[in-house]
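Laboratory data are not the source of any read-out in this text; all were calculated from the coordinates shown. Being a predicted model, the structure only gives us computed values, none of them experimental. Glycine gets a Cβ as well: all are built from the backbone with ideal geometry, and neighbour counts include every protein chain shown.
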Amino acid sequence: MGNDAIECHGLSRQFGARMAVSDLEFSVPSGIVFGFLGPNGAGKTTTVRLMVGMLQPSSGSLRVLGHDPVAEGEWVRTRCGVMLDGVGLYDRLSARRNLEFAARIARLNKSEGRQRVDASLQRVGLWDRREDRVSGFSKGMRQKLGLARALIADPEMLILDEPTAGLDPANIVMVRELLLSLAEDAGRSVFLCTHLLAEAQRICDQVAIIRGGRLLAMGEPNKLGEAQLPSVRLTLSGYDGDSSTALNLPQGAQMARLSAQEWRATLGDPQDIEALVAALVAGGVGVRAVIPEQVSLEEEYMRLVGGNADE
Amino acid sequence: MSDLTAMLWKEAVELIGHRRVAIIFAIVVVIMGIFPALIMYHRQTIQAANSLIFFGLIYVLLGIVVVVGQTASDLVLHERVGHTLDYLLTTRLSAPAIFAAKILLSAAIGYLAALLVLLVQLAAVGLIGGMRFHWLFLGLGAGQVAAFGVTAALSLYVSVVGTFVALRVGEQRSAYLLSVVAVGLLLVPFILGWLHMSLTLGWISKAALVLGVIALALAAIGMRVFRRHMLVLYLQD
């Protein structure tokens with residue numbers, strides 16, 4: 001248990017006959033930005049609701065910061081800043097009043113509360129609109145105010161459901177940098193549900209991909225594709241593919257033609273690249289270029305989730 | 001206590017900016033305050049003391065039902081529509097604090113409306129009714145108990161019922177109508193008693209006490225059975 005911010009063991013949640021989350025098994029180390037990726041209806045929001053004790057698991061166990069969010073809900077919620085999909089701001093109140101309410105809930109004293117409210121409004125760039133009613137805010141402004149509200153109590157952990165939805169590119173960069181600084185400077189754990197794979201690749205130390213309530217993959221975003229067989233892109237001359245059998249290629253290596261001189265070699269082991277090149281050269285094949293291929297998070301996501309944007 | 005204070009602060013600040021509730025409140029106070037005086041003017045008489053209690057007070061009680069019924073359902077349902085109840089569920093706020101703040105505030109609004117209706121009635125009888133100042137039923141001990149006791153008990157009762165109903169019904173108009181029906185059913189024995197018994201101080205006091213006890217008992221049961229997930233309909237599936 002120790003340093004894990006979140007621990008899930010066989011976590012399931014059923015709504016009637018539908019399994020929203022099924023047998024989730026993962027842990028999130030403290031102090032990292034963890035991306036939770038998946039199409040709409042994959043079970044991300046249900047997982048978030050389980051994490052803050054809004055829902056009870058049908059089976060399995062879940063611990064957030066080492067505590068049970070159902071049995072010790074108040075303890076967990078006191079230490080987690082949460083921003084749900086939909087944000088949930090009070091439209092009839094001003095931006096400042098919304099944050100003041102959050103400060104009161106967090107039991108901050110008056111001067112500290114005022115200080116935090118002012119600092120948060122400045123941090124997310126809403127200082128000039130602080131006295132305006134939230135009903136007149138754009139979606140992007142709401143997202144930023146929701147983020148400021150989640151941060152008001154200086155929580156140990158942030159749980160954010162689509163925090164960059166509706167933001168323009170400049171604000172996405174602002175939120176990204178804010179999240180990174182929160183995780184790096186303060187050692188705060190961030191659990192981030194997002195659709196933006198490029199953002200996840202930049203922000204997250206680890207990601208998990210979920211679909212149909214099931215965990216499909218988990219790991220560092222740049223290494224997630226490594227579970228697939230390693231491959232290299234080759235530019236060859238004097239090779240037509242028919243001579244493969246005559247060459248002493250490493251065991252498990254398979255060649256696939258991409259164009260006249262372009263080939264992709266799939267290897268059984270990443271260490272086999274040198275052996276492959278040596279075998280080609282020994283067989284009289286001209287090797288002009290060897291480029292190891294890396295699967296991007298987006299490619300891996302699309303491979304796992306498929307073309308379906310929604311469940 | 002600070003949870004309750006935080007919730008009460010939020011509800012009050014939010015309600016101040018709520019135009020529809022403010023308009024309904026003002027209309028109720030004016031109409032329920034002036035209407036008895038208009039009838040008196042038409043009849044050109046101040047009726048017997050017992051009849052006055054029924055006559056003026058019934059408008060006060062009606063005003064409470066309208067104002068509290070609206071406010072109680074609005075306090076729950078507008079949060080549901082705006083997904084702010086979801087937010088409350090993610091905070092450290094306790095369930096009783098959320099529930100109690102909504103009940104207390106709508107009951108207080110109802111009580112305030114009742115007192116204002118009484119004031120308007122007193123002023124209107126003199127001004128519109130064309131008569132000299134008259135204390136109406138407030139001149140009697142039974143009337144005072146009714147004005148300050150029955151109204152407080154009824155405000156609390158309607159508030160508890162309205163909040164409960166709104167937690168279970170997802171639509172404002174349905175919640176409001178259901179609350180009014182529920183309140184009306186409970187009031188039948190009181191109205192019958194009212195019509196068939198002389199309105200003595202003892203009877204009115206007992207009525208206020210019984211209504212108050214029922215309201216408090218309902219509120220206590222509500223606190224016991226209320227669970228955080230009831231705030232959000234989709235979590236009740």
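Sum -39500 (n - 2.57) across every DSSP H segment of at least 4 residues in chain A, then divide by the residue count to get the 222 nm mean residue ellipticity, nearest 500.
Working: 9 runs with 96 residues, N = 311.
Value at 222 nm, helices only, nearest 500: -9500 deg cm²/dmol.
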Lysines within cross-link reach of A:LYS223: Cα-Cα under 29 Å, excluding same-chain residues under 8 positions apart? A:LYS44
Would you tell me the mean number of C-beta atoms belonging to other protein chains that fall within 10 Å of each C-beta in A:88-96, as a whole number? 5
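Let me know the whole percent of all Cα-Cα pairs from the protein assembly as shown that are separated by more than 36 Å.
Numbers: 75503 of 149878 pairs.
Result for the distance tail: 50 percent.
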Peptide A:80-87 - average C-beta neighbours from other chains (10 Å radius): 4
Of all alpha-carbon pairs in chain A, indicate the percentage at a distance above 32 angstrom. 41
Quick calc: nm separation of the 7 Å Cα→Cβ label points for A:ASN222 and B:LEU177 -> 6.3
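Taking the Cα centre as origin and putting +1 on Lys and Arg beta-carbons and -1 on Asp and Glu beta-carbons, what dipole magnitude results for segment A:230-294, to the nearest 20 debye?
Details: 4 positive and 7 negative charges, 31 e Å.
I would put it at about 140 debye.
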State, to one decimal in nm, how far the label point of A:GLU293 lies from the label point of B:LEU62, with both points 7 Å from Cα in the Cβ direction. 8.0
For a paramagnetic label modelled at 7 Å from the Cα of A:ARG79 toward its Cβ, which residues of segment B:74-95 fall within the zone defined by backbone nitrogen distances under 15 Å? B:92
Could you pull the Rg and Dmax for segment A:150-220, using just the Cα atoms, both in Å? 12.5, 35
Note, segment A:202-208: 3J(HN,Hα) by Karplus (6.51, -1.76, 1.60, θ = phi - 60°), whole Hz, Gly/Pro = x, goes 7, 7, 8, 7, 9, 9, 10
Give the lysines reachable from B:LYS10 as a straight Cα distance under 22 Å; neighbours fewer than 8 places away on the same chain don't count. A:LYS110, A:LYS144, B:LYS102
Can you list the residues, at least 5 places off or on another chain, whose amide H is less than 5 Å from the amide H of A:SER22, using H built in the peptide plane? A:ARG13, A:ARG214
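Plugging the Kirkwood radius over Cα pairs into Stokes-Einstein for segment A:52-173, at a temperature of 20 °C and a viscosity of 1.002 mPa s, what D comes out in µm²/s?
On the way: Rh = 15.1 Å.
Stokes-Einstein gives a translational diffusion coefficient of 142 µm²/s.
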Between A:ASP68 and B:ALA220, Cβ-based FRET efficiency (R0 30 Å, step 0.05) works out to 0.60
Taking the Cα centre of the protein assembly as shown as origin, sum charge times position over the Cβ atoms of Lys and Arg (+1) and Asp and Glu (-1), and report the length of that vector in debye to the nearest 20. 2860
Taking every other residue with Cβ under 14 Å from the Cβ of B:LEU93 and scoring Lys and Arg +1, Asp and Glu -1, one gets +4
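Ranked highest first by average number of other Cβ atoms within 10 Å, how do A:158-165, B:71-78, B:94-101 line up?
On the way: A:158-165: 23.2, B:71-78: 24.8, B:94-101: 19.8.
Answer by packing, highest mean first, reads B:71-78, A:158-165, B:94-101.
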Taking segment A:230-294 and dividing mean pair separation by its residue count, relative contact order in percent (alpha carbons under 8 Å, at least six apart): 51
With the 8 Å Cα cutoff and a minimum separation of six or more residues, chain A has a relative contact order in percent of 20
